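Heads up: the structure comes next, in structure tokens.
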Amino acid sequence: MADTTPVIEIRNLHKAYGSLEVLRGVDVTARRGDVVSLIGSSGSGKSTLLRCCNLLEDSQQGEILFKGEPVRWKGEGHARRPADAKQVLRMRTNLSMVFQQFNLWAHMTILQNVMEAPLTVLGRPRAEVEEAARGYLAKVGIGDKCDAYPAQLSGGQQQRAAIARGLCMEPEALLFDEPTSALDPELEQEVVKVIKSLAEEGRTMIIVTHDMKMAHDVSDHVVFLHKGLIEEEGPPATLFGAPKSERLQGFLKSTTHA
Ligand SMILES: Nc1ncnc2c1ncn2[C@@H]1O[C@H](COP(=O)(O)OP(=O)(O)OP(=O)(O)O)[C@@H](O)[C@H]1O
Ligand SMILES: [Mg+2]
């Protein structure tokens, strides 16, 4: 029987920075092979939600489950923290995050960048990691850049290297925060292509993006966040084709005219 336990499940998540309530009770579920896109205006809480999901940020209320296993907490409200450092590490290494600014190490070659975490965090054998790293770099179309340094690559190539780095951890899911928004339109398409191919091979992904075409084309489910709440969600054809809420209608209008 297929395992239907969601890879990521977020229930009623609340997050505030001091008195600023950024997430006010958000639920998001990603089952195996799901691509979920998070869209919404600047400041609506998209990055915060992604960072809470990866436990890079604390949250004050609600649950985060990874493959059915709830994060264990200690303390309450603003004092709430994950209780089990090993659990946090295990979850984080299973959720690779790709950022807008690729965050590659400038002093390491592309191959070294991709190999770094599997070697040091997972302690996997070097020969095996190198073979995998070369494979992933080839997969994202920059197999010839192994010995180059990040500064010698275009933005699109650097972002593809960052995706290869994420893949080399063999994660259960990938989390993308605006992976294409630092790129020129031309280079953006190289990255969109890679993300599409990952979607087609059934990777579980949560993608924060302002690229509505990509969200439309790759997602199984789209979530529109507004001021820390889900205003509307659904399959892309419905959400983009027949948005119900006026806020979403307005948002989509503003993005197509941008
Ligand atoms: N470290 C922080 N300290 C205080 N406030 C923060 C912090 N990070 C984010 N915020 C605030 O939380 C709100 C949500 O921010 P977030 O980065 O999640 O928005 P976003 O939807 O990702 O926006 P964008 O589209 O501009 O990236 C904003 O009002 C922001 O100013
Ligand atoms: Mg953001």
Those helices (runs of 4 or more DSSP H) lying entirely in region 177-253 with at least 2 residues touching a residue at least 40 places away in the same chain (Cβ under 8 Å): 185-200, 212-218
Test: residue in region 206-216 that is touching a Lys or Arg at 6+ places or on another chain (Cβ under 6 Å) and closer than 19 Å to Ser47 by Cβ: yes
Residues within region 34-47 that are open to solvent by 20 Å² or more (accessible area, probe 1.4 Å), under 14 Å from the mean Cα position of the chain (by Cα) and more than 6 Å from ligand 1 (Cβ to nearest atom), tallied: 1
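Kindly evaluate Ser219 against the criterion of being closer than 26 Å to His14 by Cα, open to solvent by less than 50 Å² (accessible area, probe 1.4 Å) and away from ligand 1 (no atom under 16 Å from the Cβ).
Working: closer than 26 Å to His14 by Cα: yes; open to solvent by less than 50 Å² (accessible area, probe 1.4 Å): yes; away from ligand 1 (no atom under 16 Å from the Cβ): yes.
So Ser219 passes the test.
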Inter-residue pairs, beta-carbon under 9 Å, first on the phi > 0 side of the Ramachandran plot and in region 39-51, second of a type in the set (D, E, K, R) and assigned to a helix (DSSP H, G or I), 6+ apart: Gly40/Lys46
Any chance Met108 is assigned to a loop (DSSP other than H, G, I, E, B), open to solvent by less than 40 Å² (accessible area, probe 1.4 Å), within 28 Å of Glu130 (Cα to Cα) and more than 15 Å from ligand 2 (Cβ to nearest atom): yes
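Is it the case, given these coordinates, that Arg92 is open to solvent by 20 Å² or more (accessible area, probe 1.4 Å), within 16 Å of ligand 1 (Cβ to nearest atom) and either touching a Phe, Trp or Tyr at 6+ places or on another chain (Cβ under 6 Å) or of a type in the set (Lys, Arg) (or both)?
Numbers: open to solvent by 20 Å² or more (accessible area, probe 1.4 Å): yes; within 16 Å of ligand 1 (Cβ to nearest atom): no; either touching a Phe, Trp or Tyr at 6+ places or on another chain (Cβ under 6 Å) or of a type in the set (Lys, Arg) (or both): yes.
Taking the combined requirement at face value, the residue does not satisfy it.
Taking the condition closer than 30 Å to Ala133 by Cα, within 16 Å of ligand 1 (Cβ to nearest atom) and open to solvent by 10 Å² or more (accessible area, probe 1.4 Å), does Glu116 pass? Don't jump to the end; show me each part of the working.
Details: closer than 30 Å to Ala133 by Cα: yes; within 16 Å of ligand 1 (Cβ to nearest atom): no; open to solvent by 10 Å² or more (accessible area, probe 1.4 Å): yes.
When the stated conditions are applied, Glu116 does not pass them.
The values are calculated or read from the model by the stated rules, or taken from the named source; none is laboratory data. Predicted model, so just to flag it, every value in this text is computed and none were measured. Quick reminder, even Gly has a Cβ in these numbers, built from the backbone with ideal geometry, and neighbours come from all protein chains shown. For the accessible areas, the whole protein counts, side chains as well, though only heavy atoms, and no ligand, DNA or RNA atoms are used. Shrake-Rupley method; radii C 1.70, N 1.55, O 1.52, S 1.80 Å.
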